[in-house]
Amino acid sequence: MVYCGPLLLEALVIMLGALTFGYVLGYPSPVVPVIQKDFNLTDFQATIFNSISSLIAIVGPFCSHLLLKFFGRRVTAFIISVVGAIFWGLLLLMTKKLFWLGVVIRAFLGSVMGAYSSIVPMYIVEIAPKDHTAFFGTLNNLGIAIGLVIVYLCGNWLNWRELTIIGGGICALNGLLIWFVRESPAVSDKEETNEESVFQKKYAKGLIVGIALMFFQQFCGINGILTNLTTLFNNAGIKVDSGIASAIACSAQIITIFLSSLFVEWAGRRVAWCTSAGGLVVFSLLYGFSVKYKWGQIAPVAAIFGFLFFFGLGTGPVAWYIVPELFPSAVRSAATSIASSANWLCAFTVIQIFTPLDKAIGTFWSISIFAFISVFSFLFGLFYVTEPNKADDGLYSALN
């Protein structure tokens, strides 16, 4: 199988949007502890700064869908990149007195993150060779993981303003390079067909499956863990710098994403999803036990590394690229927007409840709840995660 070539390079450019997704998501982990001390923030203010982007990200997919009604994929990606660079620049204005301005800007960056979460996997799948959508589809999660590793590593040596400048630079680079990417063939297909409403009985099952995939992806606890890695390692008594430990843990996703692309094409989406869900159950419980019974410093890091490894193997990437495959081009943008918004609603919920739940019932029981949900994710995958057919009209017919 030959994956190198212009198509792969173009997909890597689109992937910069996913990198921004990960960077925005991970930004609070090194930044919140610093500004909470410097700005004398309450726990509530720190939590809002952390989670507001995930809440407002819910509207991002609908913003991209609106833009796609008037522009192609390339112009829409350019507009999102420019807007993102502007908001990163405005975040530099945040001070102790203007903290709530920073919260508002974080909210707007959330809409950018949400818009990217909708258009990036869809755009990549649409330009990918039909026999290799799994390989190309994993690039979305690869970008997210790289964004997380960059912000965690840089957070050890750079202040929050310098981290902000890097975020703006990534968006600016994406906006520049996107003009070297071909337009999606789905744009011309859409022009030749009448646009349909996604809210029809024939698409109902696809929507339910897509939303369920996003629910299970988030309620394994992934974003609660990613946005609280520093705190989790501190609670486990990790002496190594928490930012370094976080970067090491997140590097598991980068490693496993390469394996995932090959594994999915060899074993199929269903096997990848179920294997991933099973691994999430095991390593979630391992982390909970390691903290409860104080198994030392290596066990918690190994557990989170394993958790992120299995997340990247199936639950992370498969959900994002299966949804665009479920629908024909006439309704793909709308369906992807709905599923992406559902994903962000679940992400916000998990981030909001993660810390209060941990304080209320303890790490072991809070992690066990997410592990229990992953058991149902495994069962769901057995019956509802399907393989794509080779037809141009998407995977929907396979569901029936």
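Structure values in brief
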item	result
Filter pass, Met94 being outside any loop (DSSP other than H, G, I, E, B) and either surrounded by 20 or more Cβ atoms within 10 Å (Cβ to Cβ) or more than 19 Å from the chain's Cα centre (by Cα) (or both)	no
Number of positions in the range 358-368 that are β-branched (Val, Ile, Thr), touching a helix residue (DSSP H, G or I) at 6+ places or on another chain (Cβ under 8 Å) and free of Cβ contacts under 8 Å to residues at least 60 places away in the same chain	0
Neighbours by Cβ (under 9 Å, 6+ apart or cross-chain): first from the range 44-66, under 16 Å from Ser118 (Cβ atoms); second at pLDDT 90 or above and in a loop (DSSP other than H, G, I, E, B)	Ser53/Tyr27
Scope the range 269-290; condition aromatic (Phe, Trp, Tyr) and either surrounded by 22 or more Cβ atoms within 10 Å (Cβ to Cβ) or part of a loop (DSSP other than H, G, I, E, B) (or both); matching residues	Trp273, Phe283, Tyr287
Where Leu101 falls short, out of the listed (1) buried (at least 18 other Cβ atoms within 10 Å of the Cβ); (2) of a type outside the set (S, T, N, Q); (3) in a helix (DSSP H, G or I)	(1)
Matching helices (runs of 4 or more DSSP H) fully within the range 291-400 where at least 3 residues are surrounded by fewer than 18 Cβ atoms within 10 Å (Cβ to Cβ), modelled with pLDDT of 85 or more and among the aliphatic types (A, V, I, L, M)	329-361, 363-384
Number of the exception - Phe70 against (1) surrounded by fewer than 18 Cβ atoms within 10 Å (Cβ to Cβ); (2) assigned to a helix (DSSP H, G or I)	(2)
Residues of the range 207-227 satisfying the condition of being out of contact with any Cys (no Cβ under 8 Å at 6 or more places or on another chain) and part of a loop (DSSP other than H, G, I, E, B)	Cys220, Gly221, Thr227
Failed criterion for Ala46 (all others in (1) surrounded by 20 or more Cβ atoms within 10 Å (Cβ to Cβ); (2) touching a Pro at 6+ places or on another chain (Cβ under 9 Å); (3) under 30 Å from Lys359 (Cα atoms) hold)	(1)
Filtered residues of the range 264-300 (kept if under 21 Å from Val149 (Cβ atoms) and either without any contact (Cβ under 8 Å) to a residue 24 or more places away in the chain or not polar (S, T, N, Q) (or both))	Gly279, Leu280, Phe283, Tyr287, Ile298, Pro300
Residue that is farthest from the chain's Cα centre (by Cα) [pool: residues in the range 9-42 that are in a helix (DSSP H, G or I) and free of Cβ contacts under 8 Å to residues at least 40 places away in the same chain]	Lys37
Helices (runs of 4 or more DSSP H) wholly inside the range 104-206 that include at least 1 residues being among the polar types (S, T, N, Q) and surrounded by 15 or more Cβ atoms within 10 Å (Cβ to Cβ)	133-154, 160-177
Pair list, Cβ under 9 Å, 6 or more apart: the range 154-175 residue of a type in the set (Gly, Ala, Ser), other residue buried (at least 16 other Cβ atoms within 10 Å of the Cβ) and assigned to a loop (DSSP other than H, G, I, E, B)	Gly155/Tyr27; Gly167/Tyr27
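Residue-by-condition table, conditions (1) of a type in the set (A, V, I, L, M); (2) closer than 30 Å to Val264 by Cβ:
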position: Val59; (1), (2): yes, no
position: Val75; (1), (2): yes, no
position: Trp100; (1), (2): no, no
position: Met113; (1), (2): yes, yes
position: Val125; (1), (2): yes, yes
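The values are calculated or read from the model by the stated rules, or taken from the named source; none is laboratory data. These numbers were taken from a predicted model, which means no experiment stands behind them. Cβ atoms come from the backbone with ideal geometry, glycine included; neighbour counts cover every protein chain shown.
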